Amino acid sequence: MSGSTVGFVGLGAMGQGMAGSLLRAGHTVRVWNRSPEPVAALVAQGAEAAGSLAEVFAADTVVSMLANDQAVERLLLDPELLAGATATLHVNMATVSLALAERAEELHVEHGIGYVAAPVLGRPPVAAAGKLNILVAGAPELLDRAEPLFAAMGERTWHFGDRPRQANTAKISTNFLLACAIESMAEACSLAESHDVRPTDLVEMLTGTLFPGPVYSGYGSMVAERRYEPAGFRLPLGLKDVGLALDAGAARHVPLPFGGILRDAFLDALAHGDGDKDWAAVAEVARRRAGLPARPSS
């Protein structure tokens with residue numbers, strides 16, 4: 001991919017770091033975003049500003065990192081945009097539904113554009129450091145073309161098959177498991193606190209014995225300390241991903257009993273005004289159910 005131009009769409013907390021990693025690796029990057037501030041920040045790092053999505057799709061390869069199905073559908077699946085594109089590969093790194101993954105693949109094939117899915121594991125600081133884990137699926141020759149981009153943005157690439165939806169399935173399954181882990185830690189910490197055991201002491205013991213690793217140490221400390229800001233992954237996105245898991249399960253008649261519990265917990269958290277907080281703030285729902293003291297008002 002030497003000498004090629006990469007168009008990048010979606011410069012949120014994750015996308016900014018990912019585009020920056022591509023720049024540091026020596027790629028020519030043409031960026032577009034709905035708000036101008038992230039574009040200006042990346043232009044200061046050496047990126048080119050695209051005046052329109054058509055300019056992005058005039059690059060050799062397009063990488064996109066948008067928030068949800070609606071943004072991908074509205075911005076990137078416009079038949080007129082795809083018909084006028086000269087790009088020959090689109091790497092969609094968003095976490096999207098399986099239905100949208102299949103529709104996106106069909107539309108791109110119809111317009112002669114290669115399409116692969118490459119959702120990621122990692123929070124914004126990991127993205128900025130180029131240390132993401134990248135879950136990929138698509139035609140092998142397309143994944144080979146994209147490999148230099150994956151190498152710039154991540155520390156490991158995980159292959160899940162030759163249909164893009166397979167990578168999205170793996171990511172949805174992973175985020176469902178993460179949500180279950182956060183909920184289980186919230187309930188365990190609430191149980192401990194109700195019997196006069198400090199949640200921070202419980203989490204320190206658990207992460208030093210039975211549950212080492214970034215999920216329980218990272219989210220466990222956030223739950224135990226009730227520390228939900230700044231948000232690395234906002235609570236509405238957690239609700240979205242739980243919904244994606246429930247939809248994927250329903251499509252193949254796979255029951256996900258915990259999914260309904262998680263969906264209601266996230267809705268409860270949103271109803272109590274925690275929408276701008278990290279999705280670990282769903283732990284406050286377990287505290288309310290247990291009758292534990294509320295947070296002091298700021």
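Could we say that ALA181 is farther than 18 Å from LYS171 by Cβ, modelled with pLDDT of 95 or more and of a type in the set (A, V, I, L, M) here? So ALA181 fails the test. Of the residues making up region 51-89, those that are touching a strand residue (DSSP E or B) at 6+ places or on another chain (Cβ under 9 Å), assigned to a helix (DSSP H, G or I) and not hydrophobic (A, V, I, L, M, F, W, C) number 1. Would you be able to say whether some residue in region 133-141 is within 15 Å of the chain's Cα centre (by Cα) and not in a strand (DSSP E or B)? Taking every residue of region 133-141 in turn, none turns out to be within 15 Å of the chain's Cα centre (by Cα) and not in a strand (DSSP E or B).
Selection of region 31-81 for residues being surrounded by 22 or more Cβ atoms within 10 Å (Cβ to Cβ) and more than 29 Å from ALA99 (Cβ to Cβ) yields LEU42, ALA47. Restricting region 238-257 to residues that are of a type in the set (D, E, K, R) and within 13 Å of the chain's Cα centre (by Cα) leaves a set whose member that is surrounded by the most Cβ atoms within 10 Å (Cβ to Cβ) is ASP241.
Is it fair to say GLY273 is surrounded by fewer than 23 Cβ atoms within 10 Å (Cβ to Cβ) and under 24 Å from the mean Cα position of the chain (by Cα)? Yes; evaluated as a whole, the condition is true for this residue.
Out of all the residues in region 101-108, is one or more hydrophobic (A, V, I, L, M, F, W, C), assigned to a helix (DSSP H, G or I), within 21 Å of LEU244 (Cα to Cα) and within 17 Å of the chain's Cα centre (by Cα)? For region 101-108, residues hydrophobic (A, V, I, L, M, F, W, C), assigned to a helix (DSSP H, G or I), within 21 Å of LEU244 (Cα to Cα) and within 17 Å of the chain's Cα centre (by Cα): present. Close contacts from region 46-72, counting a first residue that is at positive phi and a second that is hydrophobic (A, V, I, L, M, F, W, C) and not in a loop (DSSP other than H, G, I, E, B), with Cβ to Cβ under 7 Å and a gap of 6+ residues or different chains, come to GLY46/LEU23.
For region 59-88, the tally of residues that are among the aliphatic types (A, V, I, L, M) and under 20 Å from GLY20 (Cα atoms) stands at 6. Can you find a residue that is assigned to a loop (DSSP other than H, G, I, E, B), more than 19 Å from the chain's Cα centre (by Cα), buried (at least 17 other Cβ atoms within 10 Å of the Cβ) and of a type in the set (A, V, I, L, M) anywhere in region 263-270? Taking every residue of region 263-270 in turn, none turns out to be assigned to a loop (DSSP other than H, G, I, E, B), more than 19 Å from the chain's Cα centre (by Cα), buried (at least 17 other Cβ atoms within 10 Å of the Cβ) and of a type in the set (A, V, I, L, M). Scoring TYR115 on the criteria (1) assigned to a strand (DSSP E or B); (2) within 16 Å of the chain's Cα centre (by Cα) leaves a single failure, condition (2).
Among the residues of region 110-125, those identified as over 26 Å from GLY84 (Cα atoms) and aliphatic (A, V, I, L, M) are VAL120, LEU121.
The values are calculated or read from the model by the stated rules, or taken from the named source; none is laboratory data. Here the structure is a predicted model, which is why all the values come from computation and not from measurement. Cβ sites come from the backbone with ideal geometry, for glycine too, and all protein chains shown count toward neighbours.
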